[in-house]
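Encoded as structure tokens, the structure appears first; notes follow it.
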Amino acid sequence: MEAWAIWLIPLIGSFIAYGIAKRRKSYAGYFSLGISIMCFFLSVKILYDMITSPLSLPYQDTFNLFYGFGVAYLEFGILIDEFSVLIIIIIAFISILIFIYSLGYMREEIDLGRYWFWMNFSLGSMFLLVISNNFIEMLLAFLMVSLCNWGLISFWYKKTNPSLVPGFDTDGKYNRHCGTKALITIFIAGCFMEVAIILLEFATMNSFGHPTSNFLTLSKDNCWVTKLLNAGILPLFSILIISSSLAISAQFPFHDWLPESTAGPITASTLMFSATTINAGVYILGRLFLINYDLYSLSVASELSLIFEIAIVCGLITIILTGAYGIVARDLKRILAFSTSNQLGYIFFIFGVAGLYLNYSAFVAGVLYILAHSIFNSLLFLSSGLIIHSTGIKNVYEMGSLRKYMKKTYILMIIGAFSIVGIPPLVGYLSIQLIVNEIFVLPAWITILFIMTFLLTNLYIFRMIGLIFFGTESEKIKKIETMEKVHKPTSIMTVPLIILATLSFGLIFFYPTIINFISRSIPLDISFDKLLYFLSNTYLSIGSYIIVTLLIVGLLITYPFYFTRKISTRAITSKYLIKDIHKLLKKRVIFNPLYYSFYQGIFKLGNATKNFHQSIDKLYYGVGQRITKLGNATKNFHQSLDKFYCRLAYSVRKSGDHIRKFHTGKINLNLIYYVISIFLSLIIIYALVKLS
């Protein structure tokens, strides 16, 4: 029952929170916080039941919604296993911290009802996606998460202040555009997933006698894979199903919606990038790995390798592209958005390695990186929220030396930055080591290229830290300091960051237990000896030396440019070739223009269709007017004819009345009239003869 309640409560609560906000805004926030806390306790209760219950895992509870031809063809249910439970615990815990932070960050917001509605609905939708036991239910949750994306990104669509973005009059129009861009991109990928499910249903109909997309059913027999392979559509199915995962996690070639998605509140961005939306794609890929791995465990040859090959290629391209974008970006929130896409690329890459080589240890490394990413990404985003909230500045080049004024924020953000670049003993370091230790099965050139991408991460993170907290104050910071506008954040906004920073250090002691849990080893081994053995092996691994070396190189490169500012970056970026590359990266040439070309093409097609329908309407209107005029003329003619007939009838009737007076019915009188008429006629004839 806890698994059913964990997604129903936030979905129902979203409507209640909206209603509460209409009466008392502040109460809606506390109510939503209560929902997230309740969801966290439910997730912990599920974990406790998993460990103590004799039920075998994975466990599912399902019921059929519709029936056809005597068999169920649409089901709705939940699936509980180690992967899904760990993800819902991460989502629930991170959401609590974000909701606490929101109480301070959004307290002056007017439209809080709509904010809490989308936050709660996003939380419930993500829970539903994670515990779904079939692809159709997952697709429904996928589309719900996408809709929440749109609502949160375009939250400030009513803003009327002038926009700094070319092509947009107001910030409100720009925010609407950003939300629409994300919605279009992810919904297109949702359509891909829908087509993949249709192909899957046909394959399972021929294989099992009834259509199904149930994960456990698919993982027990690969005859559906054979049907797709024999029909020649397995590559198409693989491309379609992985596209949905790539799109919602902002991976190449769908990565360009993510930078604009920072238009909403920083709390909404943190929820999307650390707990809900972005994690949806890697969860789908992880679920595909488990299906593939279970088929392999049954001594069945795997034919789904194309999915994981695409994940490796797209993940690696995303890491390189977004890392390069992060090095040239100026907006603080955009740098972190590129960082998010960049870090998710590592998870896609290692999940791809896990699926391609059927390596469960690589899968475990990827899951642990999801955990680490949720912590340090939330810490970085919420820290940046404190900076923007305090200074009102987003451009990192307009900051500088903020460590003097925001010491606590400086320390917290440094912890998040050190974790993401892999400085020991933080949680990010261990996660990176686990990934590096699993990639040596790849060809040497791919391994080297992948390892070198960590240098890109070091460069954009150290650049960000240097520009914000070191060097000299910018003119804007000096003005703010003079006007005494730099103010300390409230404790309700600082507490979540302290918790995240503490976890960045403390979680490493639980890593062996978590690895045990994900590896399906229950009861869990939580001995100190195992912890010591794990940490010593990790710190002394070859990956450790590689990462530390890249850290030193990254710091040496960025230190003179962004920390001491002794060398101007313009001295480098003004060079001919580097200048062109720098310009291309700033404009995100190829993919961003390609999106807008596609968008403009759709827009023009829509306008052409609109103009065509307007022309048809004008034609119909013109024909209608002429038919109306013809009808009116015919009506007038018939009315005139009716009048003529009426007058003729009236004249005949009057004439008849006069003539009738001469017809009395008496023979003698009629003879007299006859004789008189003859007599008068003779007189007239005589007169005419005389005259002639």
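The string of couplings for segment 257-264 from the Karplus curve (6.51, -1.76, 1.60, θ = phi - 60°) is 7, 5, x, 6, 6, 7, 5, x Hz, one whole number per residue in order, with x for Gly and Pro. Remark: the Asn64-Asn607 segment gains 191.1 nm on full extension, using 0.36 nm per residue and subtracting the alpha carbon distance. Within the shell defined by Cβ-Cβ distances under 15 Å, the residues around Tyr283 carry a net charge of -2, with Lys and Arg each +1 and Asp and Glu each -1.
Rolling a 1.4 Å probe over the heavy atoms of the protein chains gives segment 88-201 an accessible area of 32 Å² per residue. With the charge dipole of the chain set up from +1 on Lys and Arg Cβ and -1 on Asp and Glu Cβ about the Cα centre, the Cα lying farthest toward the positive end among the listed residues Tyr283, Leu152, Leu57 is that of Leu152. Expressed in Å, the radius of gyration and Dmax of the Cα atoms of segment 182-249 are 12.6, 39.
For the chain, the longest principal axis of the C-alpha atoms and the axis of helix 591-660 are separated by about 20°.
For segment 119-182, which trypsin sites (Lys or Arg not before Pro) are both in a DSSP coil and crowded by at most 16 other Cβ atoms within 10 Å?
Details: sites: Lys158, Lys159, Lys173, Arg176, Lys181; in loops: Lys158, Lys159.
In loop regions of segment 119-182 (DSSP not H, G, I, E or B), the sparsely surrounded trypsin sites (Lys or Arg not before Pro) are Lys158, Lys159.
Relative to the longest principal axis of the Cα atoms of the chain, the long axis of helix 542-558 lies at roughly 70 degrees. Residues whose amide H lies under 5 Å from that of Phe470, counting only those 5 or more places away or on a different chain, are Ser401, Leu402; hydrogens are built 1.01 Å from N in the peptide plane. Dividing the mean sequence gap of close Cα pairs (under 8 Å, 6+ apart) by how many residues the chain holds gives a relative contact order of 10 percent. Cross-link reach is defined here as a Cα-Cα straight distance under 20 Å, omitting same-chain residues fewer than 8 places apart; for Lys476 the lysines meeting it are Lys333, Lys394, Lys404, Lys407, Lys485, Lys488.
Taking a quarter of the surface of the Cα convex hull of segment 361-493 gives a mean projected area of 9.0 nm². Close amide H contacts of Leu74 (hydrogens built in the peptide plane, cut-off under 5 Å, sequence separation of 5 or more or a different chain): Leu65, Phe66.
Taking a point 7 Å from the Cα of Ile110 along the Cα-to-Cβ direction, the residues of segment 146-176 with backbone N closer than 15 Å to it are 155-162, 171-173. The 3J(HN,Hα) values that the Karplus relation (6.51, -1.76, 1.60; θ = phi - 60°) gives for segment 25-31 are, in residue order, 4, 5, 5, 4, x, 5, 5 Hz. Gly and Pro appear as x. Sorting 113-126, 494-507 by their mean Cβ neighbour count within 10 Å, with the most densely packed peptide first, gives 113-126, 494-507. What number does segment 332-399 give for Rg over Rh if you use C-alpha atoms and the Kirkwood radius? Dividing the radius of gyration by the Kirkwood radius yields 1.17.
For Asp331, the accessible area of its heavy atoms, probed at 1.4 Å with every protein chain present, is near 50 square angstrom.
One compactness figure for segment 390-444 is 1.65, namely its Cα radius of gyration divided by 2.2 N^0.38 Å. Projecting the Cα atoms of Val225, Pro443, Phe127 onto the dipole axis of the chain, where Lys and Arg carry +1 and Asp and Glu carry -1 at the beta carbon, places Phe127 farthest toward the positive end.
Backbone phi angles across segment 205-213, fed through the Karplus curve with coefficients 6.51, -1.76 and 1.60 (θ = phi - 60°), yield HN-Hα couplings of 4, 6, 8, 9, x, 8, x, 7, 10 Hz in residue order; Gly and Pro are listed as x.
Backbone amide hydrogens, once placed in the peptide plane, bring Thr170 within less than 5 Å of Ser163, excluding anything fewer than 5 places away on its chain. Quick check: the distance between the Cα centres of segment 201-242 and segment 293-347, to the nearest angstrom? Each part's Cα centre sits 25 Å from the other's. Globularity index of the chain is 1.45 (Cα radius of gyration / 2.2 N^0.38 Å, N = number of residues). Helix 360-391 and the longest principal axis of the C-alpha atoms of the chain enclose an angle of approximately 80°. Here the gap between Ser655 and Lys690, fully extended at 0.36 nm per residue and compared with their Cα-Cα distance, gives a gain of 9.2 nm.
Between Leu648 and Ser681, what is the FRET efficiency for a Förster distance of 51 Å, r being their Cβ-Cβ separation, to the nearest 0.05?
Given R0 = 51 Å and the Cβ-Cβ separation, E is 0.95.
The values are calculated or read from the model by the stated rules, or taken from the named source; none is laboratory data. Nothing here was measured: the structure is a model prediction, and the numbers come from that model. Heads up, the Cβs are rebuilt from the backbone with ideal geometry, glycines too, and the neighbour counts pull from every protein chain shown. Please note that ligands, DNA and RNA were not included when accessible areas were found on the heavy atoms of the full protein model with its side chains. Shrake-Rupley method; radii C 1.70, N 1.55, O 1.52, S 1.80 Å.
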